Amino acid sequence: MKKDVPKVTNHKQISRFSALLKNSINAAEFDEMTSGYYSKSSNLAMSKDWRIFNDFCVTKNRKSLPASVATVKEFISHERANRKYSSLKRYTVTISLVHYLFDFKDPVKNREIGLLLQDIQVSTMDKVKQTVPLSEHHLEQLNAKLQSSQDIKDIRDLAIYHVMFECALKRNELKRLEINSVRIDDDICILSIDESHYRLSETAKNALCRWLAITPYSVLFSAIDRHGNISANVLNDSSVYRVLRRASDLLALPAQLSFSSQSGRVGAVQKLSNEGYRIKEIQDFGRWASPAMPLQYSGNRQSAEKEKSKFKDDNKYD
């Protein structure tokens, strides 16, 4: 805690460290100034952060110590174009610490600085890359390309695309599926995931049945070796990644819009949301422990972050 660090009170030390701070303080000198309170890595980071702030002040002909609220605000506004929110927050922690050590009024505590940081944090949340959804339109395109193919990989992958979307499958759930997870009665195909049961569409059923007709193993979706032979091995994470990446390639999607293992879940959420399902219903459909990810995937990021904050200790919201 900052309050546990001894302040610099000796007049000679005040003069010495003030001069260092206004020039180019290094990690060892920062460590001495803070009475050895912080780790080596923290001293390296904070001394660098202060130098960045001080260099800005020199360039703009501003005082770095003590710094005014206007100077700190201008600095943060300047740096936000090229820095992450976490870096900006770290800068303010360092500026605040240095002012505390010399018993100056802390400019970071001013309401204007708090509001600016809050604005940056919200805008950063809005820019976070959203997982690219696998949509019904994508499935129609993939179906048109692969439904008549006799290639083993085409048959398996098309079935995977359909069940990942229609059942909002997680990667680990896909890997755990077995033949006995599927039940076909009177032309109705039901896929069971733990205690949840999903009736597949006619198109998904046809794709899955084509795969069932050729796989000899108890695991539902197994690996395919480099010679094109069905293996008894279950899919690993890399295999699932390649299956989804292949869908992106088949549809000629740009690199920044490539599918990931979460794409089926995102697509399922957006479809259900567009159809008027409530978040609780979507949460139950996708077997989520909390509404955080359904909220995020449906575009309600602020509510999603509030829900995630309830799970900070164990990250079990997914």
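The values are calculated or read from the model by the stated rules, or taken from the named source; none is laboratory data. The shown structure was predicted, so the numbers you read here are calculated from the model rather than taken from an experiment. A quick note on method: Cβ atoms are made from the backbone with ideal geometry, for glycine too, and the neighbour counts reach across all protein chains shown.
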>> Six or more apart or on different chains, Cβ atoms under 6 Å: show the pairs whose first residue is in region 134-157 and within 24 Å of K271 (Cα to Cα) and whose second is in a loop (DSSP other than H, G, I, E, B).
In response: L134/F259; Q141/L251
> When only residues in region 150-173 that are loosely packed, with under 15 Cβ neighbours inside 10 Å and not charged (D, E, K, R) count, which is farthest from I214 (Cα to Cα)?
Replying inline: N172
>> Return the pair list, or none, for Cβ contacts closer than 6 Å from residues in region 243-257 that are under 20 Å from A159 (Cβ atoms) and assigned by the TED database to the domain that holds D225 to residues that are hydrophobic (A, V, I, L, M, F, W, C) and not in a helix (DSSP H, G or I), at least 6 apart or on different chains.
In response: L244/F259; A247/F259; S248/F259
>> I'd like to know if region 299-318 contains one or more residues that are at pLDDT 90 or above and not in a loop (DSSP other than H, G, I, E, B).
In response: no
>> What's the total number of residues in region 25-60 that are closer than 17 Å to L88 by Cα, aromatic (F, W, Y) and without any contact (Cβ under 8 Å) to a residue 40 or more places away in the chain?
In response: 1
> Does region 156-172 hold any residues that are among the charged types (D, E, K, R) and at pLDDT 95 or above, and which are they?
Replying inline: R156, D157, E166
> Which is farther than 22 Å from S261 by Cα and in contact (Cβ under 8 Å) with a residue 12 or more places away in the chain, of S218, S222, S239?
Replying inline: S218
>> For region 158-190, give me each residue that is over 21 Å from A268 (Cα atoms) and assigned to a helix (DSSP H, G or I).
In response: I179, N180
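Restricting to region 285-295, name every residue that is of a type outside the set (A, V, I, L, M, F, W, C) and free of Cβ contacts under 8 Å to residues at least 60 places away in the same chain. If you could, list the steps in order and put the result at the bottom.
Step one: list which residues in region 285-295 are of a type outside the set (A, V, I, L, M, F, W, C), which gives 286-287, 290-291, 294.
Those that are of a type outside the set (A, V, I, L, M, F, W, C) and free of Cβ contacts under 8 Å to residues at least 60 places away in the same chain: S290, P291, P294.
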